[in-house]
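The values are calculated or read from the model by the stated rules, or taken from the named source; none is laboratory data. Just so it is clear, the model here is predicted, and its values are computed rather than measured. As a convention, Cβ positions derive from the backbone with ideal geometry for all residues, glycine included, and neighbour counts pool all protein chains shown.
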Amino acid sequence: MNALAATSRNFRQAARLLGLDPKLEKSLLIPFREIKVECTIPKDDGTLASFVGFRVQHDNSRGPMKGGIRYHPEVDPDEVNALAQLMTWKTAVAAVPYGGAKGGIGCSPGELSRSELERLTRVFTQKIHDLIGTHTDVPAPDMGTNSQTMAWILDEYSKFHGHSPAVVTGKPIDLGGSLGRDAATGRGVMYATEALLAEHGKSISGSTFVIQGFGNVGSWAAQLIHEKGGKVIALGDATGSIRNKDGLDIPALMKHRNEGGALKDFHDAQVIDSAELLVHQCDVLIPCALGGVLNRENAPHVKAKFIIEGANHPTDPEADEILAKKGVTLLPDIYANSGGVIVSYFEWVQNIQGFMWDEEKVNMELHKYMNSAFDHIKAMCKSQDCNLRMGAFTLGVSRVARATLLRGWEA
Ligand SMILES: NC(=O)c1ccc[n+]([C@@H]2O[C@H](COP(=O)([O-])OP(=O)(O)OC[C@H]3O[C@@H](n4cnc5c(N)ncnc54)[C@H](O)[C@@H]3O)[C@@H](O)[C@H]2O)c1
């Protein structure tokens with residue numbers, strides 16, 4: 001099942017549980033605006049190249065729309081649509097005053113030079129600058145984009161609208177980025193894990209972890225879990241997977257990776273088959289790489305008691321059912337990986353205030369938001385008699401539905 005079908009299915013199930021008016025249910029699924037633009041740039045060799053850019057703005061009932069911009073050869077309108085919708089529910093679960101959006105350009109960023117990427121980003125911004133803005137739609141980095149991409153968008157947008165640091169988040173610190181933003185999603189994953197384990201009378205210290213993905217989310221989650229005394233016993237990325245039953249030395253592994261070493265060449269670990277990683281014995285499994293990695297083939301063999309979805313949409317709906325029957329407790333993506341959007345919100349607030357917070361304040365506020373969302377999800381699970389995924393969906397959907405009704409949606 002693709003991301004759009006799975007997200008819409010979860011939304012519908014939540015709408016039924018909440019007893020939403022069928023007309024309101026239908027209207028909440030329809031995107032506010034779908035933008036498609038042609039971006040033509042001169043390449044470094046003087047030839048012209050054209051790329052298609054998208055921005056789907058799903059919902060703005062709770063505030064400006066918020067979501068990443070990805071550069072990827074397979075950016076497809078259906079997927080962008082699903083991810084925009086997911087952002088609407090995610091910002092509502094996190095209780096940050098935003099709606100949802102997502103965008104992207106169909107391109108292979110690795111095959112474009114830095115100056116070609118800059119021209120492409122500037123042309124895309126010229127085409128959509130009237131439709132984004134500090135109080136309209138605030139983009140952020142996603143797959144294939146980074147803080148430099150945001151710096152170019154900020155600069156191009158500011159040519160039309162004057163200095164506007166809050167038009168994008170995930171910026172470099174020197175241009176108004178927030179301290180703590182880089183680690184925020186991984187830190188949020190750690191806080192979410194801590195909250196879930198505490199609920200079950202356990203803690204990070206004394207538990208064993210398997211993490212898929214050692215990029216931004218996975219490496220920060222691994223470091224912070226390690227700092228809290230958790231044992232990361234297996235880890236994998238696109239280049240391979242490794243394990244050490246006594247716990248991997250994460251700081252040493254970070255150093256090895258930062259020096260350009262592949263995981264499989266790390267001295268203090270044993271190489272394992274990557275297919276084995278997700279079904280490795282552990283207390284907590286944290287997928288932080290791709291979507292759809294837990295499926296009906298491997299779900300029956302998962303041995304973890306808890307799964308924390310650091311990645312977006314790592315569990316397909318068939319796997320979800322199998323895991324629930326096995327008694328695995330799963331913390332869903334729309335909550336577990338919301339640390340990034342929460343600190344993006346702090347970045348936007350700091351830009352609007354023209355006042356920079358220290359990192360301690362950012363982390364403390366993030367902790368508060370993650371704990372509060374967890375408590376609200378648990379309350380929904382109780383009142384709706386449902387699992388954590390539906391608890392999060394019913395929480396997000398009910399908040400958006402209430403905002404929509406209060407605005408007078410039928411008028
Ligand atoms: N970065 C954020 O703030 C953020 C926020 C919310 C959700 N997410 C989601 O988290 C996931 C990871 O994002 P990221 O920012 O860490 O990306 P990233 O590009 O920094 O890292 C991705 C990691 O996944 C690994 N990977 C790729 N293919 C793999 C494969 N076949 N098997 C095992 N590992 C593989 C890569 O080697 C890398 O270690 C994505 O699903 C993303 O949408 C990220």
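Quick notes on this one:
- Cβ-Cβ distances below 8 Å connect the following pairs, each with a first residue in the range 150-176 that is under 21 Å from G103 (Cα atoms), a second residue that is of a type in the set (K, R) and assigned to a loop (DSSP other than H, G, I, E, B), and a separation of six or more residues or different chains: M150/K171; A151/K171; L154/K171; P165/K171; T169/R181; G170/R181.
- Residue count, the range 99-146 (criterion: within 16 Å of the ligand (Cβ to nearest atom), free of Cβ contacts under 8 Å to residues at least 40 places away in the same chain and either in a loop (DSSP other than H, G, I, E, B) or within 23 Å of V341 (Cα to Cα) (or both)): 2
- Here Q13 clears all of (1) in the same structural domain as D142 (by TED's automatic domain parsing); (2) in contact with a Cys (Cβ under 9 Å, 6 or more places away or on another chain) except the condition numbered (1).
- When residues of the range 88-113 are limited to those that are of a type in the set (S, T, Y) and touching an Asp or Glu at 6+ places or on another chain (Cβ under 7 Å), the one surrounded by the most Cβ atoms within 10 Å (Cβ to Cβ): T88
- Residue that is farthest from the ligand (Cβ to nearest atom) [pool: residues in the range 246-255 that are more than 16 Å from I286 (Cα to Cα) and surrounded by 15 or more Cβ atoms within 10 Å (Cβ to Cβ)]: D249
- The lone exception for R70 - which of (1) farther than 15 Å from G144 by Cβ; (2) under 16 Å from the mean Cα position of the chain (by Cα) it fails: (1)
- Scan the range 280-336 for residues that are of a type in the set (D, E, K, R) and touching a Pro at 6+ places or on another chain (Cβ under 6 Å) and the total you get is 1.
- Residue check for E360: surrounded by fewer than 13 Cβ atoms within 10 Å (Cβ to Cβ) and closer than 26 Å to T169 by Cα: yes
- The residue pairs whose first member lies in the range 234-245 and is more than 7 Å from the ligand (Cβ to nearest atom), whose second member is hydroxyl-bearing (S, T, Y), and whose beta carbons are closer than 9 Å, counting only pairs six or more residues apart or on different chains, are A234/T208; A234/S241; L235/S241; G240/S274; S241/S274; K245/T208.
- Only one of the numbered conditions (1) in contact with a helix residue (DSSP H, G or I) (Cβ under 7 Å, 6 or more places away or on another chain); (2) surrounded by 14 or more Cβ atoms within 10 Å (Cβ to Cβ) is not met by N60, and that is (1).
- Near pairs, Cβ below 9 angstrom, 6+ apart or cross-chain, from the range 277-291 (at pLDDT 95 or above) to any residue that is within 8 Å of the ligand (Cβ to nearest atom) and among the hydroxyl-bearing types (S, T, Y): L277/S241; H280/S241; C288/T185; C288/S219
- Restricting the first member to the range 322-339 and to residues that are at positive phi and away from the ligand (no atom under 16 Å from the Cβ), and the second to residues that are among the hydrophobic types (A, V, I, L, M, F, W, C) and modelled with pLDDT of 95 or more, no beta-carbon pair is closer than 9 Å while six or more apart or on different chains.
- Residues of the range 66-97 classified as within 14 Å of the ligand (Cβ to nearest atom), assigned to a loop (DSSP other than H, G, I, E, B) and modelled with pLDDT of 95 or more, total: 1
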